[in-house]
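To keep things clear, I will list the structure first and then write my remarks on it.
The values are calculated or read from the model by the stated rules, or taken from the named source; none is laboratory data. Please read these numbers as outputs of a predicted model, since none were measured by experiment. Every residue, glycine among them, receives a Cβ derived from its backbone with ideal geometry; neighbour counts consider all protein chains shown. Side chains included, ligands, DNA and RNA excluded: accessible areas come from the protein's heavy atoms. Shrake-Rupley method; radii C 1.70, N 1.55, O 1.52, S 1.80 Å.
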Amino acid sequence: MSTIAIDSPSGALPSGTKSSFLEVWLVTIGHALTHWYPATFYLLLPLIGAELGLSYLQIGSILTVQASAGALCNIPGGMLVDSVSRKGLLMAISLFWVGAPYFLMGLSHQYWMLLGCAALVGIGNNLWHPTAIPLLAKRFPENRGLVVSIHGMGGNVGDAVAPLVVGWMLYAISWRNVMVLNVLPGVLMSCIILFSLGRMQSQAPGAVAADRPAPVPLAKRLADFRQLLSNRALVMLSVSGAFRSMTQSTLLAFLPAYLLREMDFSKGTVGNVLFAMQVAGFAAAPIAGHLSDKVGRRRIIMSSMATSGVVLLSMAFAGRSPAFVFLVGFLGFFLFAIRSVMQAWLLDMTPPNMGGTSIGVLFGTQAVGVALGPFIGGLIADHFGLINTFYFLALTIVAANMFILLTPVPVEQPRWAASAAE
């Protein structure tokens, strides 16, 4: 066990403190909106590409730029989060920062401007997860897998409802008007989080001691970060997360295009299919989180990834048949359920005072996968046909599972972990 792992347990709740579960729901709703925007964008990408004459590679490169910006900013963002006590302010800034560039995309007519706005989204989004996930894990240590999964469930709601609503909105208004109107709920929710969450935490018993980090010199923080990177479990989980995110981002980038162009579905029907896939993930997330608290993170993750690989191969074989649509929903149940379980496992393995940084490492590594996946998928689609991207996705999820298999189990329970990692 590394020395950083047994440093002070800062961030744990003082004895006798009981957090309000309302905090979980507020943060979860905010998380839903951070996913609402990109989920809207995935559905609109084929329309944007058609209007601007973009190739599959150019469409994929927009997401690559967004993820690359996130990859560069996630670790510094996580270290910033660990140094700032006003978590509500950070989440409000992040939510607004995610929505505003999509507003600008609705006004743009140039490919380069889309790339610039995508980079801004990647920068803003990196603040949310390092802030929200460690906050919930600290305040509910006995139910870490459950509350982190409820937070993840909010993301599934945003991913599910956005394409359903936007798919039908597109019958009445243009994609540009959708992008402009989309900024309003994010602005409203960022204000609610800023005032409500900050007030709740300031009134909680022991809140000042629990939530205000002691000043840490930069040299000490960098030394702690280097020590954190020597944690093999964190490295393996992060690399696995990169391959899993590569699978997810490439699927979301090209599944709408496949349904629209290859299967000739209407916009509303495509929205319905994406809704069904995300609803399946929504239903599975709390189940997976609760089971991971009881039977172990590894078992849940490996079984879900193995099933996802089989389903992706089946989708490639099914092609344009009705079975393809059925398999999309089935895939959502397993692929999206394990995001939060991986996050909970990571927090089991790292000290609370480095929670934001460890989540930053995870999401920074995942952003590399998100950046590479659509780019590689676009190359495959342009040269070998869009259906062949699903064979590529099956390979990436198998790679993700192999790194989970190689993730070490601690020989003793870490003192900061409230639930078993295995």
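Once the piece of chain linking ALA283 and SER174 is laid out straight, how much longer is it, given 0.36 nm per residue of separation minus the C-alpha distance between them?
Result for the pair: 36.1 nm of gain on full extension.
Using alpha-carbon pairs under 8 Å, 6+ residues apart, how would you state the relative contact order of region 213-353 in percent?
Value for region 213-353: 33 percent.
I need the shape label for region 60-169. Rule: rounded when a/c is under 1.5, else prolate if a/b > b/c, else oblate, with a, b, c from the alpha carbon gyration tensor.
oblate
Mind checking the per residue accessible area of region 272-365 for me, 1.4 Å probe, whole number of Å²?
30
Given a Förster distance of 41 Å, report the FRET efficiency between GLU262 and ARG299 from their Cβ-Cβ distance, rounded to the nearest 0.05.
That pair, GLU262 with ARG299, gives E of 0.65.
Spin-label point model (7 Å from Cα, Cβ direction): what's the SER55 to LEU405 distance in nm?
About 3.7 nm, to one decimal.
Send over a whole-number figure in Å² for the accessible area per residue of region 91-194, probe 1.4 Å.
34
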